[in-house]
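K.L.:
Take this structure first; my questions come after.
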Amino acid sequence: MKIIIVGCGKVGTTLVQELAAENHSIVIIDTDAEKLEEVGNMLDVMCVEGQGESVAVLRDAEVESCDLLIAMTRSDEINLLSCLLAKKLGAKNTIARVRNPIYADGINLIKDDLGLSLAINPELAAANEISRLLRFPTAIQVETFAKGRVEIMKYAIPEGSVLHDLRIHQLRTNLKTTVFICAVERGSEVFVPTGDFILRAGDVISFVAPIRVANDFFSKVGAVASKIKNVLILGGGRITYYLTKKLLESGLKVKIIEIDIDRCEELSELLPEAMIIHGDGTNNHLLHEEHIENADAVLSLTGVDEQNVLMSIYATQQVQDAKIITKIKHFDFDDVLKGMPIGSIVYPKHITADRILQYVRVMQNSWDTSMESLHRIVDDRVEALEFRIRQNSLVLGVPFAELNIRKGTLVACITRDGKTFTPTGKDSILMGDTVIVVTTHKGISRLEQILDDETV
């Protein structure tokens, strides 16, 4: 497909890299000539210098023949205008990043008028991810499938765990659990394990399970955390606003520490049920005055990565049983952060990129199965994909024992008539099923591509 990306910031550059790797024809529009030159030298893409809301610039980028325009500048208004003009000039589909909470409720009302295919709000998406993490405090990462019926979770096996030295196939017999372990991180290695794989303390496992089964699993491995009731948030930005609204609606108590007095007053008006504290979240005296030790969860959500890391490390030392979550804006220091005591890490820009990649793959897919969702797990080395079977397909009705599935690929579970199960060799995929696939192969956009001898 031909894809135009307006705005070459961190997310834009990540999208360029990901989409170019999947053999799409990419055109970048940006006002920064040096940035364009840098990306152009690194990747085989076309670069156009100028404003994305300029008709002349869009025509220079040949917008009339593009399949998708993605507007990712810092300005919501420029993004929306770029999409509107692109659609009027012939672009087939458009995506805009829209971050201002003012637009959150109204954007869906005018999507059709703007010719907008999709609006992405990174802060709202990050708030939703943090909310899921707070529902499962023991998990490092939580992703949702099958309209909330199934979760994929990441869990670190501690020393002394009943999982140590256990073969994966023994989970069903020894622990009477049906969770499906689909990936294991051991040091720098990543495994898509078979049933004979032996788990070790220190492994980080990713598993797929319905919510009830996941809770039962955590109980059986002795990893039950107390329900979160009191949340301390450091930083009062947009993510904090969206998240606090959700938490208050769920009956949680929320305290926010924000250094900007004007923002404090604004939050007090927007979130009257939350406690807003004017102060510096990096000040340990203030944290103790506000009883950080009583918090069930401490969230470091300021706009400065370094502050968030330091505050989360400090919180880990002060409240050992609390759920710690750290927001990180930049991708550059993943290796440094890995293993640091900062709890669960949330990357809003990763979430945005994943959602757009999912949309692009759905656009590619004119076959018999449609992709419902895509999540990249295990430091983006493994993809978890959800497909809905809508029409006749090569995989339909064939027992799994007879399907030649590619190495590094697992069918984690099937949801059928509202019930979720892990398939055996005797099971097969039926019309209307939702199928979750976990794979180390990138770029899969339809279910038939899990077959090693694909002929479609």
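To keep it simple, each residue is scored yes or no on (1) open to solvent by 50 Å² or more (accessible area, probe 1.4 Å); (2) aromatic (Phe, Trp, Tyr); (3) out of contact with any Cys (no Cβ under 8 Å at 6 or more places or on another chain); (4) part of a helix (DSSP H, G or I).
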| position | (1), (2), (3), (4) |
| --- | --- |
| 164 | yes, no, yes, no |
| 178 | yes, no, yes, no |
| 195 | no, no, yes, no |
| 201 | no, no, yes, no |
| 206 | no, no, no, no |
| 216 | yes, no, yes, yes |
| 227 | yes, no, yes, no |
| 233 | no, no, yes, no |
| 246 | yes, no, yes, yes |
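K.L.:
How many of the residues in the range 74-83 are open to solvent by less than 40 Å² (accessible area, probe 1.4 Å) and in a helix (DSSP H, G or I)?
P.N.:
Total meeting the criteria: 5.
K.L.:
I'd like to verify a number: residues in the range 308-332 that are open to solvent by 50 Å² or more (accessible area, probe 1.4 Å) and in contact (Cβ under 8 Å) with a residue 40 or more places away in the chain, how many?
P.N.:
3
K.L.:
If I ask for residues that are out of contact with any Leu (no Cβ under 8 Å at 6 or more places or on another chain) and assigned to a loop (DSSP other than H, G, I, E, B), which ones from the range 39-71 would you list?
P.N.:
Across the range 39-71, the qualifying residues are 43, 44, 45, 50, 51, 54, 61, 62, 66, 67.
K.L.:
While we're here: Any residue at all in the range 88-100 that is part of a helix (DSSP H, G or I) and either of a type outside the set (S, T, N, Q) or out of contact with any His (no Cβ under 9 Å at 6 or more places or on another chain) (or both)?
P.N.:
So far as the range 88-100 goes, yes, one or more of its residues are part of a helix (DSSP H, G or I) and either of a type outside the set (S, T, N, Q) or out of contact with any His (no Cβ under 9 Å at 6 or more places or on another chain) (or both).
K.L.:
For the range 391-436, enumerate the residues that are under 22 Å from residue 179 (Cα atoms) and among the acidic types (Asp, Glu).
P.N.:
Result: 417, 427, 433.
K.L.:
Any residue at all in the range 46-53 that's among the hydrophobic types (A, V, I, L, M, F, W, C), closer than 20 Å to residue 93 by Cα, at pLDDT below 95 and within 27 Å of the chain's Cα centre (by Cα)?
P.N.:
no
K.L.:
Select from the range 256-286 the residues that are outside any helix (DSSP H, G or I) and in contact with a His (Cβ under 9 Å, 6 or more places away or on another chain) and write down the one among them that is most open to solvent (accessible area, probe 1.4 Å).
P.N.:
Looking at the filtered set, the residue picked out is 259.
K.L.:
What single numbered condition from (1) among the small types (Gly, Ala, Ser); (2) open to solvent by 10 Å² or more (accessible area, probe 1.4 Å); (3) modelled with pLDDT of 95 or more fails to hold for residue 71?
P.N.:
Result: residue 71 fails condition (2) only.
K.L.:
Now for a different question. From the list 449, 391, exactly one residue is under 27 Å from residue 1 (Cα atoms), without any contact (Cβ under 8 Å) to a residue 60 or more places away in the chain and in a loop (DSSP other than H, G, I, E, B). Which is it?
P.N.:
391
K.L.:
Open to solvent by 40 Å² or more (accessible area, probe 1.4 Å) and not basic (Lys, Arg): is that true of residue 394 in this structure?
P.N.:
For residue 394, the condition - open to solvent by 40 Å² or more (accessible area, probe 1.4 Å) and not basic (Lys, Arg) - is met.
K.L.:
Could I ask something else about it? State all residues of the range 34-68 that are more than 17 Å from residue 14 (Cβ to Cβ), open to solvent by less than 50 Å² (accessible area, probe 1.4 Å) and of a type in the set (A, V, I, L, M); if no residue qualifies, say none.
P.N.:
Listed by number, the residues that qualify are 48, 57, 58, 61, 63.
K.L.:
Shifting gears a bit: Tell me yes or no: at least one residue of the range 119-129 is at pLDDT below 90 and part of a loop (DSSP other than H, G, I, E, B).
P.N.:
no
K.L.:
Within the range 196-212, work out how many residues are without any contact (Cβ under 8 Å) to a residue 40 or more places away in the chain and within 26 Å of the chain's Cα centre (by Cα).
P.N.:
Here the count works out to 1.
K.L.:
Right, here's the next one. In the range 397-420, how many residues are surrounded by 13 or more Cβ atoms within 10 Å (Cβ to Cβ), in contact with an Asp or Glu (Cβ under 8 Å, 6 or more places away or on another chain) and not hydroxyl-bearing (Ser, Thr, Tyr)?
P.N.:
Total meeting the criteria: 6.
K.L.:
Another question, then. Looking at the structure I just gave you, is residue 138 assigned to a loop (DSSP other than H, G, I, E, B), within 21 Å of the chain's Cα centre (by Cα) and crowded, with 16+ Cβ neighbours inside 10 Å?
P.N.:
Here the answer is yes, as residue 138 does meet what is asked.
K.L.:
Filter the range 371-388 down to residues that are in contact with a Leu (Cβ under 9 Å, 6 or more places away or on another chain) and either of a type in the set (S, T, N, Q) or not in a strand (DSSP E or B) (or both), then give me how many there are.
P.N.:
1
The values are calculated or read from the model by the stated rules, or taken from the named source; none is laboratory data. Given the structure is predicted, the values throughout are model-derived calculations rather than measurements. Virtual Cβ from ideal backbone geometry, glycine too; neighbours counted across all protein chains shown. Note: accessible area is taken over every heavy atom of the protein model, side chains too, but ligands, DNA and RNA are not part of it. Shrake-Rupley method; radii C 1.70, N 1.55, O 1.52, S 1.80 Å.
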